[in-house]
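One structure below.
Derivation of every value follows stated rules applied to the coordinates shown; laboratory data play no part. Please read these numbers as outputs of a predicted model, since none were measured by experiment. Positions of Cβ are backbone-derived with ideal geometry, glycine not excepted, and every protein chain shown enters the neighbour counts.
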Amino acid sequence: MARSHKNAFRRLYEVAEAQQSFFTTKQAKAAGFSESTHPYHVRVGNWIREHRGIYRLALFPPTEHPDLVLWALWSRNRNEEILGVYSHQTALSLYDLSDLNPARLHMTVPTDFRRNSEVPGVLVLHYADLPEAEVETAQGFKFTCPLRSILDLLEADTVSRSFLRQALRQALHRGLITRHQIRSVKPAERARKPLEEMLRQVA
C-alpha cells in the first residue's frame, strides 16, 4: 500500500511539474488518487484548490507564470486537451514586446469553444481556429507567435498603433519576425493597409 501511494505521488508530481505545479481532478485520478481523497489532501495542506477541478501542489517552488497555467487548464476539453492560446496583448507581453501591460488575460479559443459556466472575469476570449504554425508552447500553456499577435491587434483595432509599431520594431530588431514573413502573410483586409504603413514607418 505504501509503495502504491508513493508511486501515485510520483506520477502526480511528474504531471504537475510540467504544468508549473498545477493539475486537474482527472489527472490526479489517473495518477492513482481516488476522487474521494481529494478533499483530504486539500484539508491537510498537500494540495491547494485553485478553481473547480484544478489544484496546485502546495510545496512546489514558486513559478513564473502560474496564472497562465491555471486559466490554460480552465480551457481544457473533456479529453484534458488545452484549447486556449494566449494572444493579442497578453502574447506581446510574454515576448516583452512594446510597453503594453494588459490588466486582463487575452486568450484565443476555437470557434466552437463553449462553456456552461461563466467566463472568469480575468479572461478576454477571442474566437479563431489557429494554425499550429502560429502557436508557441511554454511550460503548461500556449501563446501566439509575435506576428500573429500583432496582426490580431491590428484587426481588432483596440490599442494604439504606436504600441504596435514599437512591438514590430522590437520584434524585427530581435529577429522574432522577419520582413520575409511579413510579406508572406495574408492578413485580414482590415489589417493589411495598417501593416504596410507600419512596416514603412519602422524601416
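Excluding same-chain neighbours fewer than eight residues apart, the lysines reachable from Lys29 by a Cα-Cα span under 21 Å are Lys6. One chain, two ends: Asp67 and Thr111. Fully extended at 0.36 nm per residue, the span grows by 13.5 nm beyond their Cα-Cα distance.
When only alpha carbons are used to place a centre, segment 57-76 and segment 1-31 end up 15 Å from one another. Taking trypsin sites (Lys or Arg not before Pro) across segment 94-203, the ones in a DSSP loop with at most 11 further Cβ atoms lying within 10 angstrom of their Cβ are Arg114, Arg115. Over all Cα atoms in segment 2-57, the spread is summed up by Rg and Dmax: 10.1, 30 Å.
Put a dot 7 Å past the Cα of Gln139, heading toward its Cβ, do the same for Val119, and the two dots end up 2.9 nm apart. In terms of surrounding Cβ atoms within a 10 Å radius of their Cβ, Val124, Val44, Val69 rank from fewest to most as Val44, Val124, Val69.
For segment 66-201, what is the charge dipole size about the Cα centre, in debye to the nearest 20, if Lys and Arg each add +1 at the Cβ and Asp and Glu each add -1 at the Cβ? It would help to have the intermediate numbers written out before the result.
Working: 18 positive and 17 negative charges, 91 e Å.
Around 440 debye, computed over segment 66-201.
Largest first, the extents of the alpha carbon coordinates of segment 117-170 on the three principal axes equal 37, 25, 20 Å.
Projecting the Cα atoms of Gly84, Met198, Ala138 onto the dipole axis of segment 66-201, where Lys and Arg carry +1 and Asp and Glu carry -1 at the beta carbon, places Met198 farthest toward the positive end. In plain terms, the residue of Tyr86, Tyr55 with the fewest other Cβ atoms within 10 Å comes first and the most crowded comes last, giving Tyr55, Tyr86. With neighbours defined as other Cβ atoms within 10 Å of a residue's Cβ, the residues Glu81, Glu136 order from fewest to most as Glu81, Glu136.
The aspartates and glutamates whose alpha-carbon is closer than 14 Å to the alpha-carbon of Lys26, local same-chain residues fewer than 8 away aside, are Glu35, Glu80, Glu81.
Would you be so kind as to identify which of His51, Phe23, Ser36 lies farthest towards the positive end of the dipole of segment 2-57, taking Lys and Arg as +1 and Asp and Glu as -1 on Cβ and the Cα centre as origin? So the residue furthest toward the plus end is Ser36. At what distance in nm do the modelled label points of Asp129 and His180 sit from each other, each positioned 7 Å from its Cα along Cα→Cβ? Label at Asp129, label at His180, 3.0 nm between them. Kirkwood-type hydrodynamic radius, segment 27-142: 15.7 Å, calculated from all non-identical alpha-carbon pairs.
Considering the values (i) 13.7; (ii) 13.0; (iii) 11.7, which represents mean projected area of the Cα convex hull in nm² as calculated for the structure under consideration? The value computed from this structure is option (ii).
Compared with the alpha-carbon gap, the fully stretched path from Val44 to Ser162 is longer by 37.4 nm at 0.36 nm per residue. Distances between placed amide hydrogens fall under 5 Å for Ala58 paired with Trp47, Ile48, all partners being 5 or more residues away or on another chain.
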